Amino acid sequence: MATTPDLAPNRTKPAPRNRAARVDTTPREEKLEEQVSQLQADLKAIAATLSKLSSEKVSEATDTAKSELRHIQRQGQHVIDDVQDQASVMEKQLKDTIREKPLTAVATAIGIGYVLALLSRH
């Protein structure tokens, strides 16, 4: 028995529909893959830029904080120096007063001791 191709040798075989669809979608798939690759590269570049910017901002904030800390330390040292100077002036004045009026100083010390004793009892 003869087969169909033997009976109609001039007839061409119809192309399968899936094959034609594959030919059309292959360039589309390649374009999509290229676009996805480009998007991935763009996202990586954006992430790198954001990382760099955040690192720069952190560095800038750290530098500012260090600068402010040094400034506050200098101010604190000035305050300590001023308080020490005032304390030494007061100490000198107190010693001078005690030398000039020893009886008044003793009476004042006794009065302060008495007040402190009363306060500590309550």
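Has the range 84-99 got any residue that is surrounded by fewer than 10 Cβ atoms within 10 Å (Cβ to Cβ) and of a type in the set (Lys, Arg)?
Taking every residue of the range 84-99 in turn, at least one turns out to be surrounded by fewer than 10 Cβ atoms within 10 Å (Cβ to Cβ) and of a type in the set (Lys, Arg).
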Picked from the range 9-54 (must be among the hydroxyl-bearing types (Ser, Thr, Tyr) and either assigned to a helix (DSSP H, G or I) or in contact with a helix residue (DSSP H, G or I) (Cβ under 9 Å, 6 or more places away or on another chain) (or both)), the residue modelled with the lowest pLDDT is THR25
Would you call ALA107 part of a helix (DSSP H, G or I), at pLDDT 90 or above and more than 54 Å from the chain's Cα centre (by Cα)? yes
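The values are calculated or read from the model by the stated rules, or taken from the named source; none is laboratory data. Everything quoted here is computed from the prediction, not taken from an experiment. Note: ideal-geometry Cβ built from the backbone for every residue, glycine included; neighbour counts use all protein chains shown.
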